[in-house]
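Have a look at the structure below, then the notes.
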Amino acid sequence: MDSETIEKMCETIITAFSVGGVVIMSPALLAWLGFTTTGIAAGSFAAYLMSMFGTTWWIAWLQSAGAAGFGWLGTSFSAAVGGTMGKIISTVCNVTVKNEP
């Protein structure tokens, strides 16, 4: 295999793992922040945000996502974000610097 084929394979693998990682880890991150299935956890970062800003649309959306999941649109969006992050990481990692005299 030539180096270009290997780079494309690595890019595909990194992007796929990024998509999967973001989709799987997003609900866990919401729960860790305090947006749980039973409501905002006392003493959490989510409770701090709510005390600072009150009930805003984005806190309500995060709580809804923490309680019921993202749904197909949120999951698709988080997959797109993960794919974009994977593509960027892969591109940065595959940059080759050539020193020519």
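For the chain, the alpha-carbon coordinates run over 61, 31, 19 Å along the three principal axes, in decreasing order.
Scanning residues 5 or more positions from residue 40 or on other chains, none has an amide H under 5 Å from its amide H, with H placed 1.01 Å from N in the peptide plane. Which whole-number percentage describes the relative contact order of the chain, with Cα contacts under 8 Å and a sequence gap of 6 or more? The value is 43 percent. Computed over protein heavy atoms with a 1.4 angstrom probe, the accessible surface ordering of 64, 51, largest first, is 51, 64.
Across region 74-82, rounded Karplus estimates of 3J(HN,Hα) from the backbone phi angles (6.51 cos²θ - 1.76 cosθ + 1.60, θ = phi - 60°) give x, 5, 5, 5, 5, 5, 5, 4, x Hz, Gly and Pro being marked x. In the chain, a dipole from Cβ-located charges (positive for Lys and Arg, negative for Asp and Glu) runs towards its positive end, and of 3, 49, 25 it is 49 whose Cα lies farthest in that direction. Between residue 91 and residue 3, the modelled label-to-label distance comes to 2.0 nm, taking each label 7 Å out from Cα in the direction of the beta carbon.
Taking the Cα centre of the chain as reference, the dipole from Cβ charges on Lys and Arg (+1) and Asp and Glu (-1) amounts to some 340 debye.
The values are calculated or read from the model by the stated rules, or taken from the named source; none is laboratory data. What you are looking at is a predicted structure, and each value in this text was computed from that prediction instead of being measured. Backbone-built Cβ (ideal geometry, glycine too); neighbour counts: all protein chains shown. For the accessible areas, the whole protein counts, side chains as well, though only heavy atoms, and no ligand, DNA or RNA atoms are used. Shrake-Rupley method; radii C 1.70, N 1.55, O 1.52, S 1.80 Å.
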